[in-house]
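Here the structure comes first, spelled out in structure tokens, and everything after it is commentary.
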């Protein structure tokens, strides 16, 4: 394997890009995709540590991350569809009914 | 001079052998597509009590070549409203995934030549069948992207239908294959075939075979499940806007997928290259290859037969059939299989 | 040799991640994200986690991204012409502060990992990361989390149905 730090740096860069996407984009679907990038970045570091320590625990944890991601995406996209039904847009700034 | 070249190349033999095998299989696969098109048109003609193409060459064998020549020289039209990059990417994805999937298929016993043990496959990975499913699930994107990038409502409907259909039937495909995997205890396709030396899996898993075949027909978008391209309601579905060679690539992808699916069914259920009734001598690699090809050929003929026999089923019935009949049956099969494995 | 494979894949992954964030059309973002998932599957294979790599392709690239594509098709989203770089009303300061916070955390993490001696990975068996090995620990040590995950997926399925279904009054 390449040195551990390489994987961690890659993971950090991807995580930062994901955070940036959540912060700057308005499109609800793109925000979701940025969250997926963050989850994937976490998976990289989990599996890199796993390989470094020679055990399987991190891989199991990355399955859990994938299961959570699948659940999150299915519920989240259902919310997006419900939102779209109320107001024909998925721009997150338009949904400010809770704001007084 | 030659000795030094050989010495230099010796550590990389596996790379050279792999590359040669990959090229042979890619070319063989691509050149078998016109033959399959010819076979389909001739057989369809017979099923419908007409002759089929018989003017170009002996038995009309030249017809597919004439057709592909025509498609090659046809002007490739890209409408202004299309997303250019994705429009060009979609057919490439379809053909790429179809060819890569076939590289995982072993089609004969390993044989020895020039002191080299050569397996009859391009790649033999330990997660074998999972890899096949992974790559074939990437093939959906070709159709989805074609539907999205064309900017045409018929294409969009076709893409939407096909993605829903393929996701639904992929589930059945995986669950049906799981029964075979449980019996064998391995994901490696070669080991699955080796485990069927005496009894083919079709006798142990008849229900799984039927389910896998039906789901396989749906996965390859063949009639009676060709909803994505139902010409009566959707013009031509996801490839409405495609013409010329790009259209031909969708066509090629579909036929390669047919071959791959038949090969997969042969490996999982029909015992691959083992011959059960007539003993076939090995003869280096010709014997097993012949047995395998005959089985695949029969399955392909059955696929064509299905197409000319059944009418296309309605879209909501397709979904109901997939989720309410096939998936529960596949789960039942899995449960019964696991109980039998625990008992015996 | 590993670095020769790792660097191009990692660079491609970062570029694709940037494409996801900066692409104007959601379709382009989704396609870039599929590419990113495939790149990461390549990274996982480099870490000899073959089974996870395959799952990455099947679950992320094959299932989750199809869901995204499906919603994009269903809502028929075109390029959103809104300005991307307009900050949310009054939240510019918060955004900048959060950005600095994340960068600071990452800097700390990276400086710690770079200072640690990470040049010697553990010796692993040939069977590391294969389906059999991972499955063994999944169904023995981690059987409870596995079952909980299955319940989570069931709950998510029901939740998605309830949310997306039109009201029948």
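The values are calculated or read from the model by the stated rules, or taken from the named source; none is laboratory data. As the structure is a computational prediction, the values presented were derived from the model and not from experiment. So basically every Cβ, Gly included, is an ideal-geometry build from the backbone, and we count neighbours across all protein chains shown.
Just a yes or no: is a residue in the stretch C:20-42 more than 22 Å from the chain's Cα centre (by Cα) and either modelled with pLDDT of 85 or more or farther than 19 Å from residue A:18 by Cβ (or both)? No, the stretch C:20-42 contains no residue that is more than 22 Å from the chain's Cα centre (by Cα) and either modelled with pLDDT of 85 or more or farther than 19 Å from residue A:18 by Cβ (or both). Of all the listed residues (B:165, B:196), the sole one being buried (at least 18 other Cβ atoms within 10 Å of the Cβ), at negative phi and not in a helix (DSSP H, G or I) is B:196.
Determine, yes or no, whether residue A:78 is within 13 Å of residue C:48 (Cα to Cα), buried (at least 19 other Cβ atoms within 10 Å of the Cβ) and modelled with pLDDT under 90. So residue A:78 fails the test.
Residue A:71 meets the conditions (1) closer than 23 Å to residue C:165 by Cα; (2) surrounded by fewer than 19 Cβ atoms within 10 Å (Cβ to Cβ); (3) within 9 Å of chain C (Cβ to nearest Cβ) in every case but one. The failed one is (2). Selection over the stretch A:18-46 of residues that are touching a residue at least 24 places away in the same chain (Cβ under 8 Å) and either more than 7 Å from chain C (Cβ to nearest Cβ) or buried (at least 19 other Cβ atoms within 10 Å of the Cβ) (or both) gives a count of 14.
Part of a helix (DSSP H, G or I) and facing chain C (nearest Cβ under 10 Å): does that describe residue B:159? Talk me through it step by step, then tell me what you get.
Values: part of a helix (DSSP H, G or I): yes; facing chain C (nearest Cβ under 10 Å): yes.
For residue B:159, the condition - part of a helix (DSSP H, G or I) and facing chain C (nearest Cβ under 10 Å) - is met.
Considering each residue of the stretch C:159-168 in turn, at least one proves to be at pLDDT below 85, in contact with a helix residue (DSSP H, G or I) (Cβ under 9 Å, 6 or more places away or on another chain) and assigned to a helix (DSSP H, G or I). Among the helices (runs of 4 or more DSSP H) confined to the stretch C:46-128, the ones with at least 2 residues that are over 21 Å from the mean Cα position of the chain (by Cα), surrounded by 12 or more Cβ atoms within 10 Å (Cβ to Cβ) and at pLDDT below 75 are located at C:92-115. Of the listed requirements (1) modelled with pLDDT of 85 or more; (2) surrounded by fewer than 18 Cβ atoms within 10 Å (Cβ to Cβ); (3) under 23 Å from residue A:78 (Cα atoms), residue C:11 misses just one: (3).
Tell me whether the stretch B:44-52 contains one or more residues that are modelled with pLDDT under 85 and either in a helix (DSSP H, G or I) or within 25 Å of the chain's Cα centre (by Cα) (or both).
At the first step, the residues of the stretch B:44-52 found to be modelled with pLDDT under 85 are B:51-52.
Still in the running and either in a helix (DSSP H, G or I) or within 25 Å of the chain's Cα centre (by Cα) (or both): B:52.
Within the stretch B:44-52 (the criterion being modelled with pLDDT under 85 and either in a helix (DSSP H, G or I) or within 25 Å of the chain's Cα centre (by Cα) (or both)), the answer is yes, since at least one residue qualifies.
Can you list the helices (runs of 4 or more DSSP H) lying wholly within the stretch B:240-326 that have 3 or more residues being closer than 30 Å to residue B:79 by Cα and in contact with a helix residue (DSSP H, G or I) (Cβ under 7 Å, 6 or more places away or on another chain)? Give the derivation first.
Working: elements: B:244-269, B:286-309, B:315-320.
Result: B:244-269.
Specify which of the listed residues (A:77, A:53, A:10, A:97) is facing chain C (nearest Cβ under 7 Å), at negative phi and more than 21 Å from the chain's Cα centre (by Cα). Of the residues listed, the single one that is facing chain C (nearest Cβ under 7 Å), at negative phi and more than 21 Å from the chain's Cα centre (by Cα) is A:53.
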